[in-house]
Amino acid sequence: MTEPIFPKLRIGSRLGPYRLIELIGRGGMGEVYQAERADDHYHARVAIKLVRVDHDASRVAWRFRSERQILAQLEHPNIARLIDGGATEEGVPYLVMELINGQPIDLYCEQRQLTVTQRVRLFLQVCAAVSFAHQRLVVHRDLKPGNILVTADGTVKLLDFGIAKLLETEAATESVVSDMTATHVRVMTLEYASPEQVRGDPITTASDVYSLGVVLYRLLTGRSPYREDNAAERAVEILSDSAPSKPSTAVNDTWARPGAADAGYTPISRKRMKRALQGDLDNVLLMALRKEPERRYPSVDQFAEDLRHYLDGMPVRARGDSLRYRATKFMSRHKYAVTAASLGAVALVAGIVTTTWQARIAAEQTRIAQEEVRKQHAVQSFLTALFEKNTRLQPDALKARNMSVHELLVDASDKVLHQFVDAPSVRIEVMNTVARLLLDINEFERAGVLSREAVKISRELHLTHSDEYVEALIGMATAGRLLGRGEEAGAARDEALQVLDARNDHTSLLRARALGTTIAQFTRDPEREMRLVSEATKLFQERYPNDPGHFNSVFALGQLYRTQGDMRRAVTQFQAAIRVFERAGLQAFSDLGASYAWAAFCEMNLGWVDDALRDYEKGVELLRQHAGDVSLYTRIHLGLYGQVLHQAGRIQQAHEYFDLVLTPEHVAKPTAVEFDTAVYKATGLLQEGYPERALEVLEPYAENWLEFGRRFVPNGVQYCAVRARALVALGKVAEAKAELAHVAQLPTFYGTPAQKADSYVAAVIDVALADNDLPTARGALAQQGPIEAPEGFDIDYLQLAADAARLKRRMGDVDGAIALTDAALAHLQRHAGPSHFAFMRQALQQARAEAVAARMQTGE
């Protein structure tokens, strides 16, 4: 056995950008330090877990790098975020986590002597976090009170999500759990481990359901459902077929852990606790703790639903749904109404009603039971099959265990299309879940296929009033927008709202999400689009302020203002999104980076180049650090940052950022990101006087430019305009005219035809002047109307003013040409100062000089 690899660190030393402040914990998995950022990008305290490595450090580090991007996307108020990670000089990986100031959940409950109801409500926060992760196919594997902290204000925070999987090794998967102190074991805590974990079977979400059951058992009884004195006997008990003792019979006399009484905690009577646990809670816990995974709750959501039903006095799934049981529950909730009704009617209709009611209830409960059994088996089978592809059970175990989450999701998207034929509700639910995950990893086409199929199935089976149907429509709208299918996206989003309206649902979280599902530039009614997203923002702010959707809706509103050209209001919204992010305690720093980056984009378009450079530096740094250079969103802003640098005159640095996006492998299989960045780079090259190189940069997109141009029409117009101008510069006027004719294929942009864009009209004038076609140039200018300086900065106006001035000079209107250039130069000076946008300033000055020279030649 190899010696453990562990670096020697001291307080004050650095790990990457972090400085260690103090050691706050040490255990079998490693050491935990409190640390702080040691640079000036942002200030935050974090927890750094230095992982103990008893085997191949490079393998552990590789697995961590391959999985950490998915784990870092677990943005939930009750999950301590995995922020970053790296490796020491010795190759030992470390994890940078959100720093939580809290107590283990069992100690928190004991110190405050919470009631059963209070403990269950607190535990529901745990369920919400675990369910959120399960929807993204992340299983915790090591749920225990030590990994569930509660802050002083009662907020639950789960730690170490996914870390157990990151630390598993090939040796661990083949070991037998006989010595819990051995080095090469499956990473888990035996007391809270499921039977399948102890056996070394594939781990699914059902394992977390079991561990949650053990945690709640301890919270409600003060003890474990198994022996606590001997690890070997405990393992045998876990693997046995016998069920744990009912919680109501396992309550300790003092309701406290060993030593609690010494700490001054007030005991709770055994009789009171037994009465609270008897019945529903006994059954709920024993169902969660069933030894067979397929007989437990199929999901954490259903476990939580039963707990909520218990709190509300409603029937729970875990209890036999007999007529007497349901009737007892009904009467306990409505005892006065039942009594009054009974006095007036029981003698008259008791026999008929009872017989009819019993028959209907029996038939309905039979149907529900059968449906639930099918759901349980279907979900369990799907998840087991999915995760088994990542275990030693595959023929090539090493390759299987190295499968990325991306590969697992792609495989899941293929499988779910052909599974669950006999359980359509499960099929729709799983399709929606996988579709959401595919959107997160930029698999827009696959996500759209699943959402459309879920919608189709729902319609065929008349399930169009369900939450699942609305979820499918939201997914269809989101994928449609990202794929440039505006009509499909708009129809799906609007139908989702119609379904919610028909249900009189105006305040739910689902309603807020549907309202915030914007179709952006594809709308034919921009004011309505603004109104819907504004309603979403208001609903989130009033009812769900800490939900990630609140940030998303504020951010989306900023994007709407941006794409409509209202850059000032867009900047205000992006800054508001940053404040929401900070107030809600969100940890998705890539989203924070995107907010800074889009604010910078808008600032650049307002002429505030220095502000844009400052915010882009923050935004791009956050994106590169937390999402990586391979992320779609990082690459979008690498290209846009290059554009800002170019406008600031930092030409070489600009092309370096352009080329980070336009790598040979990405250009070979381009997406809209490469297309947009190529347009920015080609525009810069044309301004620099390199038309041939500009055409070379745009050439790879000749076959699919329209597909990409439809997604963001201004860049589609600019693609054609740059190519036309470059062709004119090379003397190829006929080809330039043909190029501009393609703009007619682009859709409207917020209701405005593409041919009305300033950049298009300017290019038409440029090409017509090169062809000595003054009528066409005059017609284009006349169609655009009077050219006046807008209130806000507008670089397209500057280009149009330069070309229009050239036209006026050719038409003999020298004074008009000079007036145009003077107004444009004043606009540039007022908004951007004297040093930025050098190429545009040069073009305007040249047009003015030509007009002045023409005036001198005519002797005026």
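Working from the alpha-carbon coordinates of the range 584-631, get Rg over Rh, Rh being the Kirkwood radius.
1.03
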Q: Add +1 for every Lys or Arg and -1 for every Asp or Glu among the other residues with Cβ under 12 Å from the Cβ of residue 632, and state the total.
A: -4
Q: Work out, step by step, the length gained on full extension between residue 826 and residue 569: first 0.36 nm times the residue separation, then minus their alpha carbon distance; give nm to one decimal.
A: 90.2 nm
Q: Order these peptides, 543-552, 434-443, 494-503, by their mean beta-carbon neighbour count within 10 angstrom, highest first.
A: 434-443, 543-552, 494-503
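When the convex hull of the Cα atoms of the range 512-658 is projected onto a plane and the area is averaged over all directions, what value comes out in nm²?
In nm², the orientation-averaged hull projection of the range 512-658 is 8.4.
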Q: Please express the shape of the range 710-828 as an equivalent ellipsoid: the semi-axes are the square roots of 5 times the eigenvalues of the C-alpha gyration tensor, given largest first in whole angstrom.
A: 22, 19, 12
Q: May I ask you to order 117-125, 639-647, 815-823 by the average number of other C-beta atoms within 10 Å around their residues, highest value first?
A: 639-647, 815-823, 117-125
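Can you give the FRET efficiency to the nearest 0.05 for residue 90 and residue 858, using r as the Cβ-Cβ distance and R₀ = 60 Å?
Efficiency for this residue pair is about 0.15.
Using R₀ = 41 Å, calculate the FRET efficiency as 1/(1 + (r/R₀)^6) where r is the Cβ-Cβ separation of residue 243 and residue 498; round to 0.05. Mind dumping the intermediate values first?
On the way: r = 48 Å, r/R0 = 1.16.
The value I calculate is 0.30.
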Q. According to the Cα gyration tensor, what semi-axes, each the square root of 5 times an eigenvalue, does the equivalent ellipsoid of the range 455-536 have, listed from largest to smallest in whole Å?
A. 20, 16, 9
Q: Report the Stokes-Einstein translational diffusion coefficient (µm² s⁻¹, integer) for the range 98-138, Rh taken as the Kirkwood radius over Cα pairs, at 4 °C with viscosity 1.567 mPa s.
A: 111
Q) Summing Lys, Arg as +1 and Asp, Glu as -1, what charge do residues with Cβ under 13 Å from the Cβ of residue 724 carry, residue 724 excluded? A) -1
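Can you tell me which of 78-90, 691-703, 455-467 comes out highest on packing, and rank the rest after it, using the mean Cβ neighbours within 10 Å? Display every interim value, and only then the final one.
Numbers: 78-90: 19.8, 691-703: 17.1, 455-467: 15.5.
The packing order, highest mean first, is 78-90, 691-703, 455-467.
Coordinate-derived values only; no laboratory data. Just so it is clear, the structure is predicted and the values come from calculations on it, not from any experiment. A quick note on method: Cβ atoms are made from the backbone with ideal geometry, for glycine too, and the neighbour counts reach across all protein chains shown.
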